[in-house]
Amino acid sequence: MRLATWNVNSIRQRERHVAKWLERVQPDVLFLQEIKCQTPDFPALNFEALGYRAVAVGQKSYNGVAVLARVPFEVTHTALPGLTGDVAEQARYIEIETGGVTLIGIYLPNGNSGGEAGYQGKLDFMTALRLRAEALLAEDRDFAILGDWNVAPTDEDYAKGALSPTDALVRPATRAAYREILWLGLTDAIRALHPTGPVYTFWDYQSAAWQRDSGLRIDHALLSPKLAERLTSAAPDRRERGEEQPSDHVPVVVELA
DNA sequence: ATGTCGGCCTTTGGCCGA
């Protein structure tokens, strides 16, 4: 099973990139983030012509997630269970079941806007996500959580100078919340296979970040224990960052035997 | 490394978010 996640930074700007990428990589399931369109405006029919059923959870202007799959699936949640407050109104979560496995796509709040209240929304999302993972573990479900986590888990996960030490992506409370989820017994697919060194998934549009390889590792796939045993590969597809008019994120692809 | 994007309204330029 080939799973993928990609923050596309507007599906209207990146539809051709996604279509070409699907044809080249042929994932079974692809989660998208930052589609930046309302649900009815998502170009689902164009992806269905390529053999991918598409379901979007959109909103005006910002955020928005979607799933594209060439395998049968059922959408089970379009919002993160248990989450309340302003952040709960935003399109950041989709959960599906396919082949007896639960797959979750997330666009975790960045946390740098809206002051401390905005940052608290990020932490609230992470708490609700941990509780969701705990519930799935208690049910003995096999599951994976893929997406733009907006967390650089360790200092190896961002290039020197690419972030302020006080950025919400690296604040101690952010990292602690990420570890609480990871340490439930989940496996960070990329770090399981590439334990050290830079494995960036994002390069800012500003300051020639791509040319300087000044990147971040903030897109992650976390696997439940039995899925982790099936892990055979996990890597960002850096090639996409060099395309014309790219997203600032590249796809992350995970293979399970 | 505050000369980048994308979306939207305040609408042909300025703002917010990333």
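The values are calculated or read from the model by the stated rules, or taken from the named source; none is laboratory data. Bear in mind that the values here come from a model prediction, so they are computed numbers and not experimental data. Virtual Cβ from ideal backbone geometry, glycine too; neighbours counted across all protein chains shown. Calculation scope for accessible area: heavy atoms of the full protein, side chains included, ligands and nucleic acids excluded. Shrake-Rupley method; radii C 1.70, N 1.55, O 1.52, S 1.80 Å.
Worth a mention:
- Number of the exception - A:Y158 against (1) more than 23 Å from A:L30 (Cα to Cα); (2) out of contact with any Lys or Arg (no Cβ under 9 Å at 6 or more places or on another chain): (2)
- Among the residues of the stretch A:231-250, those identified as within 16 Å of DNA strand B (Cβ to nearest atom), surrounded by 14 or more Cβ atoms within 10 Å (Cβ to Cβ) and in contact (Cβ under 8 Å) with a residue 40 or more places away in the chain are A:E240, A:E243, A:P246, A:S247, A:D248, A:H249, A:V250.
- If the condition is being within 16 Å of DNA strand B (Cβ to nearest atom) and either part of a loop (DSSP other than H, G, I, E, B) or out of contact with any Leu (no Cβ under 8 Å at 6 or more places or on another chain) (or both), then the stretch A:121-150 contributes A:G121, A:L123, A:W149, A:N150.
- Residue match in the stretch A:213-226 (condition: without any contact (Cβ under 8 Å) to a residue 40 or more places away in the chain and farther than 24 Å from A:R16 by Cα): no
- Any chance A:W21 is buried (at least 16 other Cβ atoms within 10 Å of the Cβ) and in a helix (DSSP H, G or I): yes
- Per-region count, the stretch A:194-219, residues open to solvent by less than 60 Å² (accessible area, probe 1.4 Å) and either out of contact with any strand residue (DSSP E or B) (no Cβ under 9 Å at 6 or more places or on another chain) or more than 15 Å from DNA strand B (Cβ to nearest atom) (or both): 3
- Whichever residue in the stretch A:44-81 is among the aromatic types (F, W, Y) and without any contact (Cβ under 8 Å) to a residue 40 or more places away in the chain and, among such residues, is farthest from A:E23 (Cα to Cα): A:Y62
Condition check ((1) in contact with a helix residue (DSSP H, G or I) (Cβ under 7 Å, 6 or more places away or on another chain); (2) surrounded by 20 or more Cβ atoms within 10 Å (Cβ to Cβ)) across all residues:
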site: A:V57; (1), (2): yes, yes
site: A:V71; (1), (2): no, no
site: A:T78; (1), (2): no, no
site: A:D86; (1), (2): yes, no
site: A:G100; (1), (2): no, no
site: A:Y119; (1), (2): no, no
site: A:A144; (1), (2): yes, yes
site: A:K160; (1), (2): no, no
